[in-house]
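Down below is the structure, laid out as structure tokens.
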Amino acid sequence: MINESSNMLFNLLVIIIAMIVHQFWNESKPESPFVKKYGILVTYGTAILFCMVFSFYKDNGLNFDLRRIPLWLGTLYGGPFIGFLLASETIFIRIIQGGPGILGSIISTVLLFFIGHFFRPMYFRLKTFNKVFLAAGINMLFSVIVLFYGADHLIQSDTINFSINYLIVNLLGIILVSLSEEAIRKNYRKRMELFQAARLETVSHLAAAVNHEVKNPLTTARGMVQLLKYDQTMPQEKRDSLFQLALDEMDRVDRVVTDYLTFARPYPNQMEEMDIVVSIKEAVSIMEPLANQNNVQISNHHSSCQCYVMGEPAKMIQALGNILKNSIEALPNGGYITIKTDLKDKVCHIHILDNGVGMSREVLERLGEPYFTMTGNGTGLGMMVVYRIMESMNGKIKIHSSPGKGTEVILSLPAI
């Protein structure tokens, strides 16, 4: 009797563990097609296997266990195909076990599968109490049928006590597991709603920032074009300066849109082998006009050993350009920026140092947050894009800084 009770509890524990493992698996791999389609099959199929292997009563070819609970839940939450596979697994294991109870077990398994498939469309429209009541009612009905079918094969002295224990464990098991399943899924939905709300808030902030950053230069460019159109007597030198101003404003719009698109879709379209030193040189050449304009000198030093990594060169140049732009803006009175590269333990390290105004610990902790910027006219997208690009290339970012002592940004990428 003690052994039967322990196996009953073991059956119940296996089912609960399978349910929890499935939910953790689903949350840790939300984008995995395999987990979405076959996660329930793997976890609940394992639960059925353990329940049937560790049946809590085996006598005269009869096997009593809690296999119907994972079969019922698997059919409801996994769909008819998963339910069919679970039912097939149950029948296959029961045939291997053998004994006179095979026919009854096959019939009850098939019936439970079809009943679960029949009630599935209605089940998800019910409230939690009604779901549990329906699950408990069907499970108890099958438990009674199984006991009635196997009554002649049970040892008579144990029939009453065993039947009572069997019914109680099945009833408590289906209620506990159904309530737990509903609670886990309800909490998961709430977390997803909060996550979506946070994403929408981030998007709304970014949209407002991008709208501001795009609208202003477009308005300026439009004014320049109108002025050039209607003032035909304007000197050529002034016309050229207005044309250049309009082009500069359009370039500003292009940079904002590029940053926004990179943040929204950061992962490289096509990974390829690239030379970090070449990417640094291109980023420096792009940012040199802005550096010269702000009296900032950029020194590029790299080791003799070249660093090759997997990634998308255009996005790497964009990330380096954003960091250099931030360093230039941190040098309002001019200064220097030093770039160094080294290769250690198959990891390529890029060090970008400046002697600018530096940042406090509070500011460092907020770098990469949506809409956070230290400049009055920025969108906050720059460092967000850097973090996303580095994430897409399996890289890491470390930033060391203190007020008045400059900043060092270290990018670490796995070398090939």
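The values are calculated or read from the model by the stated rules, or taken from the named source; none is laboratory data. Everything numeric here is computed off the predicted structure, so don't read it as measured data. Quick reminder, even Gly has a Cβ in these numbers, built from the backbone with ideal geometry, and neighbours come from all protein chains shown. SASA here: full protein model, heavy atoms, side chains in, ligands and nucleic acids out. Shrake-Rupley method; radii C 1.70, N 1.55, O 1.52, S 1.80 Å.
Cβ separations smaller than 7 Å between residues 6+ apart or across chains give no pair from the range 118-133 residues that are at positive phi to residues that are basic (Lys, Arg) and open to solvent by 50 Å² or more (accessible area, probe 1.4 Å). Considering the conditions (1) closer than 24 Å to residue 185 by Cβ; (2) in contact with a strand residue (DSSP E or B) (Cβ under 6 Å, 6 or more places away or on another chain), residue 64 is excluded by exactly one of them, (1).
Yes/no per residue for (1) assigned to a loop (DSSP other than H, G, I, E, B); (2) among the acidic types (Asp, Glu); (3) within 16 Å of residue 387 (Cα to Cα); (4) at pLDDT below 90:
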{"site": "289", "(1), (2), (3), (4)": "no, no, no, yes"}
{"site": "304", "(1), (2), (3), (4)": "yes, no, no, yes"}
{"site": "318", "(1), (2), (3), (4)": "no, no, yes, yes"}
{"site": "333", "(1), (2), (3), (4)": "yes, no, no, yes"}
{"site": "343", "(1), (2), (3), (4)": "no, no, no, yes"}
{"site": "359", "(1), (2), (3), (4)": "yes, no, no, yes"}
{"site": "368", "(1), (2), (3), (4)": "yes, no, yes, yes"}
{"site": "371", "(1), (2), (3), (4)": "yes, no, yes, yes"}
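Looking at this structure, is residue 399 over 27 Å from the mean Cα position of the chain (by Cα), part of a strand (DSSP E or B) and at pLDDT 85 or above? Even if it seems obvious, please write down each step before you answer.
Working: over 27 Å from the mean Cα position of the chain (by Cα): no; part of a strand (DSSP E or B): yes; at pLDDT 85 or above: yes.
In short, no.
Whether a residue is of a type in the set (Gly, Ala, Ser) and in contact with a strand residue (DSSP E or B) (Cβ under 7 Å, 6 or more places away or on another chain) was assessed, and residue 88 does not pass this test.
When the range 256-280 is limited to residues that are more than 30 Å from residue 343 (Cβ to Cβ) and at pLDDT 70 or above, the one that is surrounded by the most Cβ atoms within 10 Å (Cβ to Cβ) turns out to be 256.
Looking only at the range 70-80, decide whether some residue is under 25 Å from residue 134 (Cα atoms), open to solvent by 40 Å² or more (accessible area, probe 1.4 Å) and not in a loop (DSSP other than H, G, I, E, B).
If we filter the range 70-80 for residues that are under 25 Å from residue 134 (Cα atoms), which is where we start, we get 70-80.
Narrowing further to those that are open to solvent by 40 Å² or more (accessible area, probe 1.4 Å): 80.
Keeping just the survivors that are not in a loop (DSSP other than H, G, I, E, B) gives 80.
Yes, the conditions are met somewhere in the range 70-80.
Return the residues of the range 105-137 that are in contact with a Gly (Cβ under 8 Å, 6 or more places away or on another chain) and open to solvent by less than 20 Å² (accessible area, probe 1.4 Å); say none if nothing qualifies. The one that is in contact with a Gly (Cβ under 8 Å, 6 or more places away or on another chain) and open to solvent by less than 20 Å² (accessible area, probe 1.4 Å): 116. Take residue 50 and decide whether it is exposed (fewer than 13 other Cβ atoms within 10 Å of the Cβ) and modelled with pLDDT of 85 or more. Against the criterion (exposed (fewer than 13 other Cβ atoms within 10 Å of the Cβ) and modelled with pLDDT of 85 or more), residue 50 does not qualify.
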